[in-house]
Structure formats: C-alpha cells, structure tokens
1. Taking only the Cα atoms of chain B, how large is their convex hull per residue, in Å³?
2. Sort B:Glu180, A:Glu314, B:Glu155 so the one with the fewest other Cβ atoms within 10 Å of its own Cβ comes first.
3. With 10 angstrom as the radius, rank A:Val207, B:Val291 by how many other C-beta atoms surround their C-beta, starting from the fewest.
4. Could you work out the relative contact order of chain B? I mean the mean sequence separation of Cα pairs under 8 Å and 6+ apart, divided by the number of residues, in percent.
5. Using 1/(1 + (r/R0)^6) with R0 = 51 angstrom and r between the beta carbons of A:Asp275 and A:Arg369, what's the FRET efficiency to the nearest 0.05?
6. Per DSSP H run of n ≥ 4, the term is -39500 (n - 2.57); total these for chain B, divide by its residue number, and report the mean residue ellipticity at 222 nm rounded to 500 deg cm²/dmol.
7. With a Förster radius of 60 Å, plug the Cβ-Cβ distance of B:Arg250 and A:Arg286 into 1/(1 + (r/R0)^6) and report the FRET value to the nearest 0.05.
8. Sum -39500 (n - 2.57) across every DSSP H segment of at least 4 residues in chain A, then divide by the residue count to get the 222 nm mean residue ellipticity, nearest 500.
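Nothing in this text is a laboratory measurement; each read-out follows from the coordinates by a stated rule. Predicted model, so just to flag it, every value in this text is computed and none were measured. All Cβ positions, glycine included, derive from the backbone under ideal geometry; neighbour counts span all protein chains shown.
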Amino acid sequence: MNAPVPPPVTTSSAPCGGIDLHQEQGQRAVFCGLTGIVWLHRKIQDAFFLVVGSRTCAHLIQSAAGVMIFAEPRFATAIIDERDLAGIADANEELDRVVTRLIERRPDIKLLFLVGSCPSEVIKLDLSRAAQRLSGRLAPVRVLNYSGSGIETTFTQGEDACLAALVPELPRSPAESAPSLLIVGALADVVEDQFLRIFSALGIADVRFLPARRAGAMPAIGRNTRYLLAQPFLADTARALDERGAQRLAAPFPLGAEGTTGWLQAAAEAFGVADETFVAATAAGRARAETALAPHREKLGGKRVFFFPDSQLEVPLARFLARELGVSLVEVGTPYLHRAHLAAEIEWLPAGTRVTEGQSLDDQMDRCRAARPDLTVCGLGLANPLEAEGLSTKWSIELLFTPVQGYEQAGDLAELFARPLRRRALLEV
Amino acid sequence: MQLTLWTYEGPPHIGAMRVATAMTGLHYVLHAPQGDTYADLLFTMIERRDARPPVTYTTFRAQDLGRDTAELFKQAVSAAYARFQPQAMIVGASCTAELIQDDPGGLAKALDLPIPVIPLELPAYQKKENWGASETFYRLVRGLAGAPGPRPAREPGRRPLCNILGPTALGFRHRDDLIEIHRLLDSLGIDVNVVAPLGASPADLARLKDADFNVVLYPETARSAAEYLKKSFGQPFTQEVPLGVGATNRFIAEVAALAGIDPAPLLDGPGSRLPWYSRSVDSTYLTAKRVFVFGDATHAIGIARMAARELGFTVVGLGTYGREFAREVRAEAVLHGIEALITDDYLDVEAAIRAAAPELVLGTQMERHVAKRLGIPCAVISAPIHVQDFPARYAPQMGFEGANVLFDTLVHPLMMGLEEHLLGMFREDPEFHDSVGPSHLGGNARSASSAEAPEVAASTAPSASAAPILLDEPVVITTAPWAPEAEKELKKIPFFVRGKARSNTEKFARERRLPLITLETLYDAKAHYGR
C-alpha cells in the first residue's frame with residue numbers, strides 16, 4: 001500500500017513590501033469567471049451573454065447568483081451535448097444555429113458575448129473565430145468572445161476577460177485630443193454618478209466609463225487616455241488598454257475614505273488640479289464618510305478578521321478595515337496578488353500582515369479554526385459551516401453586488417462587516 | 001447543442017453529491033476544474049447544512065492541463081483519505097474532467113487504499129442530476145451490501161424489519177417525510193433496519209441485507225438500488241408512494257402484506273383530516289377546479305392523483321422533467337384523459353400552462369413564477385429545491401400528516417370559497433372590483449397579470465421586445481375580433497374564469513370561421529363547452 005502523501009502546500013515567497021506573503025497550492029473554493037455575468041449583464045443593458053458550456057455551467061449561474069432566473073434574462077447557456085462531442089453534429093454549425101435564433105428573437109440585443117467555459121476550452125472550440133464569423137453575419141449586432149472558464153479565470157477575472165475583449169473594439173480617439181479620463185471596472189450606476197460630480201468639481205470634464213451602460217456608448221480611447229482602475233482584478237484589461245496607448249494612473253482603490261481620496265488624488269495630479277480645488281471638491285465627501293464610519297469604528301475596532309480568497313478585493317478591503325476601522329488582520333487570502341496594481345495597497349497594509357496568495361482549502365480552514373477570528377470573510381459554501389463552529393462570517397460575494405466604492409458608500413461598506421457581529425450580539429438563541 | 005436559460009436538474013455529479021452529503025463516513029473525490037466548487041453552496045445555503053459536503057475537488061486549472069492532472073487527482077485522493085479517514089470513498093469526474101479522460105477509478109485503485117473505493121461513471125453530456133443520484137446510490141449499494149445470497153428466515157417473535165430507501169441531502173421535504181414514515185411503520189409494529197442514503201454510513205449499507213423488505217420513498221433515487229437488493233437478497237420493495245390519503249392507505253396495506261401483519265388497526269385509526277375537510281361544505285367550491293401539475297415524476301403522479309380523487313379537482317395538465325419516468329407519467333395522464341408533458345424546457349411548460357388555462361398550478365419554483373406572471377394561484381410540490389422548501393416547521397408530504405399538509409398547500413392558494421362568492425356578488429363595487437385580486441395574494445396578482453398582457457401578445461407575434469425566446473416558430477392564429485357588446489359582456493364574467501371563457505369563445509369562433517364574436521357567439525360557445 002502506498003502511504004498517502006499530502007501535496008506540498010505552502011511556500012514563503014520573496015519579500016513583497018512589508019507584508020508576510022505566502023503562496024499556497026491545493027484545493028480552491030472559488031467561483032469561476034462565468035459568475036461575473038450576473039453583474040455584467042445588468043451593467044451593459046443591451047448585451048447578451050451566451051455561455052458555451054455544459055449543464056454544470058447553466059446550473060452554476062442559476063445557483064451561484066443566489067437567484068433562479070425567472071424573468072427573461074440576458075444570459076443563457078448553449079449546452080454542449082454528446083452529439084457535439086461525438087462529431088455527429090458540427091459544434092460550429094450548432095452554435096451558429098443557436099445564436100441566429102437567439103438574435104432573431106431578441107432584436108433588443110446589440111452586443112453578444114460568446115463566453116467560453118471549461119468544456120469549450122478543453123475541446124478547443126474556437127469561439128474567437130465563431131465570434132468573427134457571426135459578427136459578419138449578424139451585423140449590426142457585434143459578437144465578441146471571452147473565457148469565463150474555471151481553468152482560465154477565478155471569479156472576478158471573468159469581468160477582466162470581458163472588458164479586455166471590449167478594448168480592441170473601442171473607437172480610437174484622435175491623437176491630438178485633450179487628455180481624457182477613463183474609469184475602468186463595473187461600478188453601480190449610482191457610484192458612477194457620484195464620481196462624475198466629484199470629477200466635475202475637480203474640473204475634469206471628459207470622464208468616461210468602461211464598461212459603458214450601453215453597447216453603442218463605449219468610450220473612445222487613445223494616447224490621450226489616462227485611466228484609473230476602479231477594481232483590483234483587471235490585469236488583462238489594463239494590458240489591453242496599455243497596448244492602445246492609454247496610460248494607467250497608479251492609485252489605491254476607492255474603498256473607504258482614504259482609498260477614495262488616494263484614487264481621486266491620482267486623477268487630480270495627472271490633470272493638474274490645484275490642491276485647493278481638490279480639498280474643496282472632496283471635503284464634504286470626506287466629512288460625510290468620517291461621520292458614517294465613526295459608529296462602526298467603535299464596533300469593529302480591535303476585532304480580528306480573517307479573509308478567505310475570493311474576489312481579489314481582499315487586500316484593499318483589509319487595508320480599509322485595518323486603517324480606517326482599527327481592525328486587526330489575522331490572514332488576508334487572495335486568489336491572486338497583482339503586485340503592480342496593488343502596490344499602493346500593499347504599502348498601506350500594516351507591516352507583517354499575513355497575505356496568502358492561492359489556496360489550500362482544508363489547511364486554510366485549519367488555520368482559521370485555530371485563530372478563531374472575530375469575523376471571517378468567506379464564500380457562501382464556507383459561511384454556514386464556520387458559523388456552526390461558532391465563527392461569525394461575512395459572505396464575500398455581497399461585497400461585489402453591493403455599491404461599496406466612494407465616500408458615500410464608506411459607511412455602507414463598514415456596515416457590511418459590522419452587521420454579522422451586531423446580529424450575533426442581538427440574538428439570544 | 002441546446003439553448004438553456006434555466007434548468008430543472010443539475011449535472012449528474014450533483015446527484016452524486018446529494019447521496020454523498022446525505023451519508024456519514026463516506027468521502028467523494030471529484031475530478032473537477034476550479035469553479036465547480038459552487039456546488040457546496042447548494043447544501044450550505046439552500047439546505048442550510050452546518051458542514052461542508054464531504055467532497056474534495058481537484059480544482060485543476062489551465063496550467064495543470066499541460067502537466068499531470070492524473071497526478072493531481074491521486075494527490076487529492078491520498079490527501080482526502082489521510083485527512084478524513086472515511087470508511088469508503090467514491091471517485092469520479094465532472095463534465096470537464098470527463099473530457100480529459102484521466103480515469104479516476106483506475107487512478108484511485110492504483111493507490112491501493114485500505115478502504116472500498118467505488119468509481120462512478122456519470123456521463124455529464126447525456127444524463128442529469130436525479131439519474132446521477134440513482135446511479136451513485138446503486139453503485140454504493142452494489143459495492144458495499146456484501147455478497148448476494150439468500151436471506152435467513154425471520155426468527156419467530158422478531159418484529160418485521162425494513163429499510164427505508166431514497167431520502168438524500170437537498171431532497172424535497174425528505175427530512176420530514178422520513179419522520180412521518182418512521183412513525184407509520186412503528187405504529188404498524190415494523191422496525192427500521194437502515195435508512196439510506198440519508199444518515200447511513202458505508203457500514204450501514206453492509207447491513208441492508210438484514211431487512212425483510214425495502215420501503216422505496218423516492219423511486220427517482222432508490223428504484224435501481226431496490227431492484228438490485230431484490231435480485232441479490234430476495235428483498236421485495238414497495239411500489240406505492242404514500243402521497244395523499246388513498247396512497248397512504250394503499251402503502252400501509254402493501255407494507256403490512258410484505259411484513260405479514262394486519263393493517264386494520266392503523267387503517268381504522270384517526271388517519272388524516274383531509275377526508276372530512278374535503279367533504280366539509282365549504283370545500284364545495286373546489287369541485288372541478290382546473291389544475292396543472294408538473295414536477296418530478298413521483299410528486300407529479302402522486303399529487304395529480306390526490307388532487308383528482310381527494311379534492312375533486314380536474315387535472316388539465318400533467319408532466320415531468322424526469323425523462324427516466326416518462327412512461328409512468330404518461331400512464332397516469334391517460335387516467336386523467338390527457339396527454340403527459342415530458343420536457344425539461346421551462347418555456348414549453350409555460351406554453352402548456354397558458355394553453356391549458358388552469359385555475360391552479362402545482363409545480364416547481366419555476367412554475368410558481370410562470371403562474372405569478374399569468375396571475376394564476378400556485379403551490380410548489382416538487383424539486384428543484386429552493387430555500388423555501390426547507391421550512392422550519394414540520395411539513396412532510398407523505399403519510400397522513402403529509403396529506404394534511406398537502407390539503408393546506410393545495411387549497412390555500414385558491415381563493416377561499418366565501419371570498420370567491422362575495423367577489424361575484426360585489427363584482428362592480430368600487431373597492432371590491434376584480435382588479436383587486438384575492439387579498440391573501442397581496443393584491444398584486446391581477447395587476448401583475450395585466451402588466452403581462454403585452455407579453456402575451458408578443459409571444460404570438462414575432463416582434464418580441466423582451467419576449468421569451470421560443471425556439472419553435474410561433475403559430476400565428478387569426479382570431480375574429482370581439483364586438484363591443486360581447487367584450488362588455490365578457491367583463492361581467494368573474495375574472496378567474498374570464499380567461500378561459502375568452503379562449504373558449506375565440507376557439508369556437510375560429511373553428512367556425514366566424515368573422516366577428518358577438519353576444520350570440522359568446523353564449524353559443526358557453527353552451528357548447530358547458531356540455
């Protein structure tokens with residue numbers, strides 16, 4: 001009998017800022033990139049997302065979203081069946097048939113994403129050629145493709161892949177244009193509107209968002225484009241923007257008052273906004289954020305928080321909790337740590353913070369149980385089991401679905417972390 | 001390739017997880033890419049289980065495909081064995097791992113673990129969740145029940161002994177059905193040997209053969225295993241599923257016959273409240289209510305039968321998404337004088353509901369929403385499972401208490417008899433007009449349905465703004481226009497039968513190629529269909 005050999009898991013890696021960085025391999029409890037469709041289809045209101053995948057993909061989307069799809073959604077799955085696999089049916093012809101009927105039925109659709117999945121990747125179904133072919137046939141409907149497969153993408157990387165697929169399609173802005181600002185990453189409409197008002201007060205007039213709310217309103221880009229990432233998981237999108245000549249403004253992420261100020265500051269500096277103007281434009285927001293945060297600081301101050309890896313938002317969130325609410329960080333798990341995009345965030349984390357990149361689920365759960373944190377931020381699959389062991393948890397997915405960026409949402413963001421503790425204190429049963 | 005917006009069943013490995021999660025001392029190693037771990041939340045969030053499912057996923061990624069996914073699988077099996085020390089393991093692949101053909105069964109066997117390791121072949125591109133649960137349970141029973149052989153005769157004086165087969169994790173009311181059936185069997189004087197899969201360990205499966213017979217509660221998950229036990233150990237199994245009073249009585253008689261005991265004391269006991277409630281005069285208004293039933297085969301058949309025979313409803317639609325049991329559902333539909341609907345496309349089900357114009361829909365969560373769109377009362381009687389299907393209270397579907405629960409479930413969504421009567425009397429009163437709708441539906445039912453009206457129109461014309469994606473060409477039917485006085489008269493008909501009156505009259509006019517629907521047409525049609 002072979003003795004069971006547990007796989008190697010944790011390695012301490014090269015120093016990265018002042019943090020205690022570990023890399024881990026093993027079982028990962030994370031969503032795949034298909035999950036991003038749940039918020040992306042709401043953001044781009046005339047886009048349809050067609051997953052080319054298996055019954056598992058369809059089941060994931062209807063389950064993971066926490067909702068069953070009862071209305072007519074703007075996403076669906078073309079389920080590959082054994083006829084496609086056995087070559088009895090030509091998968092490309094089948095796909096064309098499904099897409100053609102879909103578009104005939106939904107004349108409101110202006111942009112169709114063919115979304116690759118694990119099975120479509122493994123059988124090497126070429127969705128980029130399919131998208132080209134169908135774009136020609138279905139004009140003026142544009143057909144693009146990206147991969148949301150679990151083998152290629154982790155949860156929020158699906159949004160990254162989607163936006164990266166949009167970038168080559170964006171109109172080119174004339175070379176001599178005045179500098180314009182592009183905000184990259186899906187934000188709630190209300191948050192976009194708040195930021196627009198602040199940028200306007202800063203005197204930055206030409207501000208666009210990627211993705212835009214409608215397929216026909218996607219921003220033009222070029223060498224005059226300066227962009228701010230609104231989300232920390234957009235590595236491929238940033239690379240594609242760089243290739244089109246746009247320049248990234250290095251900044252922290254707009255979570256919490258401090259992050260929001262740092263993020264706005266990066267734009268203000270790039271656009272030569274005077275200090276007095278900046279202070280005047282942000283003072284009210286900062287003051288309101290401070291008022292909203294104060295009560296939560298009392299509840300969260302000194303609490304010990306453990307993050308399981310989920311969305312890549314973990315590092316900025318941990319920074320916000322540590323610096324603005326006085327939380328003590330036990331471990332910050334993240335599926336992937338983008339050293340460059342998160343440079344300012346890593347700098348701001350308390351020295352010696354344990355950051356774990358990647359995951360070995362059972363080992364991480366052992367560490368969490370041993371540490372008995374006051375609050376554990378984790379996915380839906382882990383939350384109730386940890387609660388049953390007496391640990392308070394915060395579902396991480398809510399941090400994606402709730403507007404949390406900017407000054408006006410700083411208090412809401414803190415409240416998301418404070419609520420499980422408050423609830424535990426309230427319950428007498 | 002099939003276009004799917006929503007699916008009644010998950011892939012077959014979800015069925016395997018329902019069995020594994022139901023059991024103790026069993027671990028499932030699933031060769032699956034990162035992302036397939038979403039399945040955990042079905043159990044921890046929908047069923048609110050307090051522990052992770054006993055499943056280890058390999059969560060391979062693209063970079064692993066270039067290396068050695070087989071090695072990754074072996075490591076996962078070894079690590080899971082070392083950590084969880086299960087009595088037995090099941091191993092298999094999800095849809096993506098099936099394509100890379102690593103042979104989980106062979107790889108696990110090569111590790112030579114000191115416990116039974118049972119390989120599962122669950123073809124993800126052909127089969128679905130319930131089949132996966134059934135196949136997994138069958139493989140487990142086959143692998144762990146021991147060598148086939150004759151059963152020793154029952155010792156004199158020992159109470160009859162049975163197994164209960166079928167309940168799983170994430171099962172529709174399985175938790176409470178089990179309590180109710182336990183109670184029934186106990187009052188008959190029958191002991192329960194093993195309940196499986198729910199709560200059973202691999203060691204318990206080795207004791208299955210000690211029982212005199214098997215009680216199969218959910219044929220979808222347990223019939224294959226029960227057939228194997230019958231063949232291997234000569235254990236007969238029950239055919240009757242105790243949904244409703246009649247079926248519960250037949251179930252008691254069947255079980256008593258298998259156990260060789262007298263069912264009379266229990267059959268003569270107090271039983272269910274349903275028969276008296278159904279005979280009570282306030283239930284008169286339930287007579288011939290048109291009901292559409294859709295769900296898994298077991299619940300659809302049982303509830304259709306009960307609705308017709310015990311509540312006096314008329315079953316105008318019956319169907320299932322479970323093709324494995326299509327034959328049984330078709331046979332039941334014949335008894336109701338209708339043709340069964342066998343489909344896993346909810347748009348087909350929606351179209352069938354529209355066409356049948358029922359007054360009550362008994363279905364899954366999807367039919368609940370279809371019914372809401374159509375302004376028809378609805379109750380949920382079957383999986384796919386939803387957090388609402390795990391009520392805190394005791395709410396079985398089976399046995400006498402189950403019949404009580406089902407009476408309430410089926411009757412409450414309908415307007416109470418008196419309320420319906422008053423609505424008819426005060427129809428034109430300003431605060432009591434038909435667009436108010438039944439008060440217990442929050443007053444929204446009618447307005448929801450009138451908001452739906454444009455969609456109804458859209459689905460029969462190819463314009464479609466946000467119309468459903470119907471993959472079949474819409475049938476464009478020209479219907480005669482309504483004369484104003486006929487339209488006005490139609491409005492005087494109570495709203496809950498108005499839709500049917502309208503469609504019947506239009507059908508009547510179409511068949512006779514009438515150019516205009518007049519008052520005369522309306523009443524001719526009424527007389528025609530009222531025969």
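1. Cα convex hull per residue, to the nearest whole number: 169 Å³.
2. B:Glu155, B:Glu180, A:Glu314
3. The most exposed by this proxy come first: A:Val207, B:Val291.
4. Normalised by residue count, the contact order of chain B is 12 percent.
5. 0.55
6. Roughly -13500 deg cm²/dmol at 222 nm, from the helical runs in chain B.
7. Plugging the Cβ-Cβ distance into 1/(1 + (r/R0)^6) gives 0.25.
8. -13000 deg cm²/dmol
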